[in-house]
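These notes concern the structure reproduced below.
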Amino acid sequence: MLITTSFLITVILTLSTTSTTSLPFVVFHGIADQCSSKRLQNLTATLSNLSGAHGDCIEIGNGVLDSFFMPIQKQIEIACKKVKEMSKLAKGYNLVAESQGNMVGRGVIELCDGGPPVKNFIALAGPHAGVASPPLCNVTQTCILQASLITLGVYTKFVQERLAPAGYIRIPTDIEGYKQGCEFLPKLNNEIAGQRNSTYKERFSSLQNLVLVKFEQDRALIPRETSWFGQYEDGSWNRILPVQETKLYTEDWIGLRALDEAGKVKFINVTGDHLQFSLPDMQKHLIPYLISVE
């Protein structure tokens with residue numbers, strides 16, 4: 001991120017007009033990343049400077065390594081414990097999540113008993129309705145791992161217990177396998193008839209604002225519409241359902257429709273590949289939701 005004179009002036013002007021009582025915020029990073037990375041440190045600092053709010057990136061275990069190999073459920077347990085131990089969050093906080101970090105963030109909102117309340121949830125490129133296949137990318141550690149997930153049998157207990165992304169892979173031509181074998185996302189999204197948890201819906205629908213940011217050229221999320229809870233139609237690779245046509249929305253399994261009808265869901269579309277947003281987009285679409293006050 002290029003720091004220019006105009007950027008510094010913007011920061012100074014923003015800080016001069018921002019209340020010192022802004023709620024704190026936390027950041028959950030995605031796969032293959034860690035809070036100690038320069039990019040995450042810059043992101044957290046920039047969001048804090050522009051909003052006037054205190055921000056912390058919350059690390060789960062051993063950063064990059066555990067982002068791959070620690071099941072999402074365990075990551076949520078650790079995150080839940082950490083936010084409950086942070087006294088500055090007691091009156092409520094805002095949450096910013098990147099990519100896989102959205103699964104941790106949503107888990108904290110829906111599953112964390114006794115945790116401090118999340119007010120605004122800013123979801124950057126989140127696989128909310130699952131991902132259907134590995135990303136179209138070069139041969140990297142991430143791509144090799146995700147390709148191996150499919151090859152090994154993503155819905156087997158062995159894979160589910162050892163690879164974090166397995167918890168939110170939703171293959172449209174194997175929905176029964178997904179519902180029976182995927183141990184995380186079907187529960188988070190209340191997809192299993194007879195097992196839906198009203199507490200998850202109550203907690204998720206209590207958000208003041210849900211900011212869903214989709215990146216137009218996103219090649220990591222397939223389909224990219226998952227950032228808006230869109231998904232491939234069951235049994236087909238040919239049609240992607242917008243969120244409003246999914247049963248999760250029409251039957252309101254997690255309270256998303258209720259939030260939307262109350263005007264609390266912001267569907268944001270920005271130019272760029274996965275998580276590649278500009279400073280103007282950040283100022284326009286993210287900062288207003290971090291300036292909320294206690």
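What to note about this one:
- Shape call, region 197-288: gyration tensor on alpha carbons, a/c limit 1.5: oblate
- Helix-only arithmetic for the chain: the sum of -39500 (n - 2.57) across DSSP H runs with n ≥ 4, divided by the residue total, places the mean residue ellipticity at 222 nm at -10500 deg cm²/dmol.
- Considering all C-alpha pairs of the chain, those separated by over 33 Å amount to 18%.
- Figure note: R219, R203 ranked by solvent-accessible area, largest first, 1.4 Å probe, ligands and nucleic acids not counted: R219, R203.
- Accessible area (Å², 1.4 Å probe, nearest 10) - W237: 110
- FRET efficiency, H54 to E216 (Cβ-Cβ, R0 30 Å, nearest 0.05): 0.40
- When K264, K88 are compared by accessible surface with a 1.4 Å probe, the order from highest to lowest is K88, K264.
- Alpha-carbon centroid distance for the pair region 243-259 / region 153-211, whole angstrom: 15
- Given a 1.4 Å probe and the protein chains as shown, T173 ends up with an accessible area of around 80 Å².
- Accessible-area ranking of R106, R196, largest first, probe 1.4 Å: R196, R106
- Counted charge near G107, where neighbours are those whose Cβ lies closer than 13 Å (Asp, Glu -1; Lys, Arg +1): +2
- Percent accessible area from carbon and sulfur atoms, the chain, protein chains only, probe 1.4 Å: 53
- Most simply put, the chain has about 10% antiparallel DSSP beta bridges, counting only bridges with both residues inside it.
- Of the whole protein surface, V64 contributes about 50 Å² of accessible area at a 1.4 Å probe radius.
- Degrees between helix 141-152 axis and first principal axis of the chain (Cα, 0 to 90, nearest 10): 30
The values are calculated or read from the model by the stated rules, or taken from the named source; none is laboratory data. Everything numeric in this text was worked out from a predicted model, so none of it was measured. We place every Cβ from the backbone using ideal geometry, glycine too, and count neighbours over all the protein chains shown. These area figures cover heavy atoms from the full protein model, side chains too; ligands, DNA and RNA do not enter into them. Shrake-Rupley method; radii C 1.70, N 1.55, O 1.52, S 1.80 Å.
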